[in-house]
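**Student:** Shown below is the structure under consideration.
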Amino acid sequence: MYHVHYKGTHYEAGFRWGSLLFRHQNMILENIPFEITPERMDYSRSCLPVYQKYYPEILEEIRGLADAQHCDTGILQAVLLSMYAIPPACCCSCFAVTDDNTILLGRNSDFLTDLEKLNMNVIYRLSDGAYAFTGNTTAFVEIEDGINEYGLAIGLTSVFPVVRKPGFNAGLLLRYLLEKCRTVPEAISCIEKLPIGSAQTLTLADSGGKIAVVECCAERTEISCTGFVCATNRFHLPQMEPYNLPDTAKSDLSQMKTKSGNLSEIDDWFAQIRYETLQSALTDKASVPGLSFARGLLSGEYGFLCQYDRSTGKDTVWSVIYDPKHRRIYRCEKNPGRGKFTEDLRFKFI
């Protein structure tokens, strides 16, 4: 996992990272795990007005990245703005728990083993109006889980979109919230106002003990706030069930196609089994679990969560636990069933 510190403006941050990769002959567009199709190009162009209105800084960062890589900004936008809205895969598991003494958010990032050497842990301290944050990602400027200087922690899981519109995708939505919000209520307010293009869950926790899971897509947003919340790669709130891939499609996928390809190729990486593991383990606890339990849950001690067969090219490539109350971060930079969590002391909170 790369460890990168960013400072300066968004453009300068993008240019710095792109330059570092370029010096090591690492070309971003040569490491994309999907085809850059006309569909992706068209979709990213349709999203540009949304980002220009709500988040122009991120377009500047992508421009800086492209300038340093000596590549076409439009093609890089097609990769980054279409991600999650036109996904190559749907994976990852997340949960949050809270009581008077404990606030924890845990997440396993499941992805392709061929690309795990490109995974990044980042610390952003930018000068053009964003809150400082640290996070992890497989996708450059997108952020998949993180915590900001005020103790707002967020993790995402993607859901295969049955409807898609121009708007924020999961990784850029999560990053926007880390840069702009201090608390879970603030983040929820932003989510409800922003145009959303992809389908995803966002699991949130803040230093005041508020937690939530937000299930959202281009047409609807629903929120659950209880003693614990969890998410994988399907919607589970009743109002969101219609936005899951239909069961009829699962039973006869070979007969169905979308613009994104044959639905028989869609693989949610045991999403329902992982969800049941989280639900069962968290429900069985008589009180809010502590750090040891969180580590064990993410490591697969309570059922299937990370026990992938690496020979298939799939694995949990990192695992993280955020403790907003005590301002602590614990990360395992490999499958947590085979590695140890280490506290990361580098990020400085308010």
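**Student:** Check which residues have an amide H placed less than 5 Å from Val317's amide H, if you skip close sequence neighbours.
**Tutor:** Here Ser109, Asp110, Phe111 satisfy the definition.
**Student:** Another question, if that's okay. Tell me, what ³J(HN,Hα) does each residue in the stretch 192-201 have, in order and in whole Hz, if you take phi through Karplus 6.51 cos²θ - 1.76 cosθ + 1.60 with θ = phi - 60° and put x for Gly and Pro?
**Tutor:** Computed from phi, the couplings for the stretch 192-201 are 5, 9, 7, x, 10, x, 9, 10, 6, 10 Hz.
**Student:** Add +1 for every Lys or Arg and -1 for every Asp or Glu among the other residues with Cβ under 12 Å from the Cβ of Pro238, and state the total.
**Tutor:** Residues near Pro238 contribute -2 overall.
**Student:** What list of ³J(HN,Hα) couplings, whole Hz, do you get for the stretch 208-225 from phi and the Karplus terms 6.51, -1.76, 1.60, once you set θ to phi - 60° and write x for glycine and proline?
**Tutor:** x, x, 6, 10, 6, 10, 10, 9, 8, 8, 5, 10, 7, 9, 10, 10, 10, 10
**Student:** Tell me which chymotrypsin sites (Phe, Trp or Tyr not before Pro) from the stretch 267-350 have a DSSP coil assignment and no more than 14 other beta carbons within 10 Å of their own.
**Tutor:** Phe304
**Student:** Amide H neighbours of Val159 under 5 Å, counting only residues 5+ apart in sequence or on other chains, H built in-plane at 1.01 Å?
**Tutor:** Those lying under 5 Å, H to H, from Val159 are Ala199, Gln200, Thr201.
**Student:** For a test of understanding, tell me how many lysine pairs in the stretch 93-343 have Cα atoms under 25 Å apart, given they are 8 or more places apart or on different chains.
**Tutor:** Counting lysine pairs in the stretch 93-343 gives 23.
No lab work stands behind these numbers, since they all come straight from the coordinates. Everything quoted here is computed from the prediction, not taken from an experiment. Cβ sites come from the backbone with ideal geometry, for glycine too, and all protein chains shown count toward neighbours.
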